[in-house]
Amino acid sequence: MSLAIALLRAVRPKQWTKNLLVFAALIFAQQMDDRASVLSAIVTFFLFCALSASVYLVNDVVDIEEDRAHPQKRYRPIAAGLVPVSLALMVAMVLAPVGIVGCCLINLPTGAVALSYLLITLAYHFLLKHTVIVDVMTVAAGFVLRAVAGATAIEVEISPWLLICTLLLALFLALSKRRQEIVALGDAGVNHRRILSEYSPQLLDQMISLVTASTLMSYCLYTIDERTINVVGTHNLMYTIPFVIYGLFRYLYLVHQKDQGGAPDRVLLTDGPLLLNVALYVAAVVIILYLAP
């Protein structure tokens, strides 16, 4: 494998799908027909890709020994020795300032959100990932900040319900990932991630059940909330609820019956029914908000 390809793998482009959350405000604020807003959202997306890539590089350098003890992660470019640690850190030191400065050039609030995202994710990788419950909450906070950045970039007020739904959905994914790690690695999981010793499948199942119900209920309330109806001009968002139900249940099915969930980005990109459901959900939202009379 060439160094360039190995470096590209090290920045994990497949996980950049998480940054698509920056488009949530653009879609739900009905700004997709505004060229300036679309451009700002696209630029923010790529700047957050640069930020997340820098964090992934730092994370893989910090976790190099733990990754080498993992049956799959030992093949990561840095853990496998395909990308030198010095090069990884140098690239990270270039990408992070590019992301921060670029977001500041969009506007200062977006720059502040980008800086908060970088600091929180770095704090997670160096410290917070070793604190039970705080670890998954920190991961969820990264998702919320992506959504907030999308709103500040196009200068619209983001719905509190949308923030709550994003937080709960992120917790759902993070808890599912922890469960899959415990099930897949067993007692050896502690050698890879120390925090796994604080969790058990039974505890995580209870947490996942609570978060799943809360996510669904929050989204339902969001679609019928008077503020939402006044802003978007329709109550028809409630007809997207079945897609959310199917998406949550399908993911739970993959976690419990197919032993997946350890890599949410991979599940989203490879599971046909789930991918189709997401596409249909987005299409339904666009039709309801932009095309329906």
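The values are calculated or read from the model by the stated rules, or taken from the named source; none is laboratory data. None of the values given here were measured: they were computed from a predicted structure. With ideal geometry, Cβ positions are generated from the backbone for all residues, glycine too; neighbour counts draw on all protein chains shown.
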Scanning region 208-251 for residues that are in contact (Cβ under 8 Å) with a residue 60 or more places away in the chain and buried (at least 16 other Cβ atoms within 10 Å of the Cβ), which turns out nearest to LEU162 (Cα to Cα)?
TYR222
Quick test of your reading of the structure: VAL101 fulfils all but one of (1) touching a residue at least 12 places away in the same chain (Cβ under 8 Å); (2) not assigned by TED's automatic domain parsing to the domain that holds THR215. Name the failing condition by number.
(1)
I'm trying to understand the selection: among the residues of region 130-176, which are over 16 Å from the mean Cα position of the chain (by Cα), buried (at least 24 other Cβ atoms within 10 Å of the Cβ) and polar (S, T, N, Q)?
THR152
When you scan region 47-67, do you find a residue that is of a type in the set (Phe, Trp, Tyr), in contact (Cβ under 8 Å) with a residue 60 or more places away in the chain and in contact with a Lys or Arg (Cβ under 9 Å, 6 or more places away or on another chain), even just one?
yes
Using the structure shown, decide if ARG266 is surrounded by 14 or more Cβ atoms within 10 Å (Cβ to Cβ) and in contact (Cβ under 8 Å) with a residue 12 or more places away in the chain.
yes
Considering only region 116-139, I want to know if a residue exists there that is in a helix (DSSP H, G or I), in contact (Cβ under 8 Å) with a residue 24 or more places away in the chain, of a type in the set (Lys, Arg) and over 18 Å from ALA10 (Cβ atoms).
yes
Hand me the list of helices (runs of 4 or more DSSP H) wholly inside region 1-87 holding 3 or more residues that are surrounded by fewer than 22 Cβ atoms within 10 Å (Cβ to Cβ) and in contact with a helix residue (DSSP H, G or I) (Cβ under 9 Å, 6 or more places away or on another chain).
35-62, 64-68
